[in-house]
Amino acid sequence: MKVADFQRLVEQVGLLTGEQREALAQVLAGQGEAGQTTALIEARFADKATCPHCQGEGQKWGFAAGLRRYRCRACKKSFNALTKTPLAFLKKRDKLAAYGQAMVDGLSLRKAAKRVGIDLTTAFDWRHRLLKMPAKTKPAKLQGVVEADETYFLESKKGRRKLDRKARKRGGTASKRGLSDEQIPVMVTRDRSGATLTEVLPEVTTASITKVLDTVLAKDAALVSDGEKAYRAFANATDRLHIALIATAGERTWGTYHIQNVNSYTSALKGWMARFKGVATEYLPSYLGWHRKLEREGEAFTRMSCVAAALA
Ligand SMILES: [Zn+2]
């Protein structure tokens, strides 16, 4: 660690609450990554332990399964920092951060399971726990020049399939593109600050586009699309500026208006998704959210951020 970083760290130690100090002491006592993960989990209740059942206040009530227990003063139920989060009742917690790293690295289930030393079923379970990050990875507003385009993902109905040999039969290509019901449309919208929204649409219609964009798109934004009629209809109906680029006429850009940022986001998304070899349609929004977070935070999105995001 650089000297300046260390100095900052020392300064920050002064800001710790009693609980955080205790958690940090555990990390320093050499419990390594398991200790860090536990500290991160316990830090959730560093200020106040809020009962997940009734929002009452919890009081310390011993320890269980390596985590501090609390008992609600109001409803008398006990809980810990994981109760009712996607990480509740998770076993082998000491390996969770390493698994988070495997997800950041975009490993397949099999590779992740092997690297971390867990079985495939656990890897599958953990992936979906970590993917349940809240919808707050969506931007609050898209402003200025906002590019929009649709992309398609092959529909997969495998759902919570068993991880058996049949699982190999997946992927493949749809016979038709675009309007085929074998393809799930995802609308990608991105403004020039990099704020990005990826949203699964039931179909590409004015109604579905309006439902997604009307609240998030700034009223004075310039919406740039490839000329899909539904965008124009949406813009007209909601009194917004729409700039249609007609690709077939060779009009790929018009002044500063183009959809190249959306196109490059989409191709990165496709490349990233390919490694998962077919994602069940019901999980597609989770994967899209995960990718938004990865792309937005870049190197700041670490193994520990995965764990923290699941607890937020
Ligand atoms: Zn309660």
Neighbour counts of other C-beta atoms within 10 Å: give me THR189, THR122, THR215 arranged from fewest to most. THR215, THR122, THR189
Which of the helices in the chain, when you take each full DSSP H run, stretch at least 18 Å along the axis at their Cα atoms and have an average Kyte-Doolittle score of -0.5 or higher? 260-274
Between THR215 and ARG296, what is 0.36 nm times their sequence separation minus the Cα-Cα distance? Round to one decimal in nm. 27.0 nm
May I ask you to sort TRP254, TRP126, TRP290 by Cβ crowding, counting other Cβ atoms within 10 Å and putting the fewest first? TRP254, TRP290, TRP126
Computed lengthening from ARG73 to TRP61, 0.36 nm per intervening residue step minus Cα-Cα distance: 3.2 nm
Using the structure shown, select from LYS60/LYS293; LYS2/LYS270; LYS132/LYS277 the pairs with a Cα to Cα distance greater than 29 angstrom. LYS60/LYS293; LYS2/LYS270
Rounded to the nearest 500 deg cm²/dmol, what is the calculated helix-only ellipticity per residue at 222 nm for the chain, with -39500 (n - 2.57) per DSSP H run of length n ≥ 4? -11500 deg cm²/dmol
Test of understanding: in a Gaussian network model of the chain with alpha carbons linked when under 10 Å, which of ARG93, ARG192, ARG73 would top the mean-square fluctuation ranking? ARG73
How far apart, in nm, are two points set 7 Å out from the Cα along the Cα-to-Cβ line at LYS132 and at LEU16? 3.1
Working out 0.36 nm times the residue gap between GLU33 and SER267, then minus their Cα-Cα distance, what length gain in nm do you get to one decimal? 80.8 nm
Taking the convex hull of the alpha-carbon atoms of the chain and averaging its shadow over every direction gives an area in square nanometres of 20.6
Out of residues 5 or more away from GLY227 or on other chains, whose amide H comes under 5 Å of its own, with H placed 1.01 Å from N in the peptide plane? LEU245
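Every number here is computed from the coordinates shown, using simple stated rules; none is lab data. Computed from a prediction, not measured in an experiment: that's the story for all the values here. In this analysis, Cβ positions are derived from the backbone assuming ideal geometry, glycine residues included, and neighbour counts consider all displayed protein chains.
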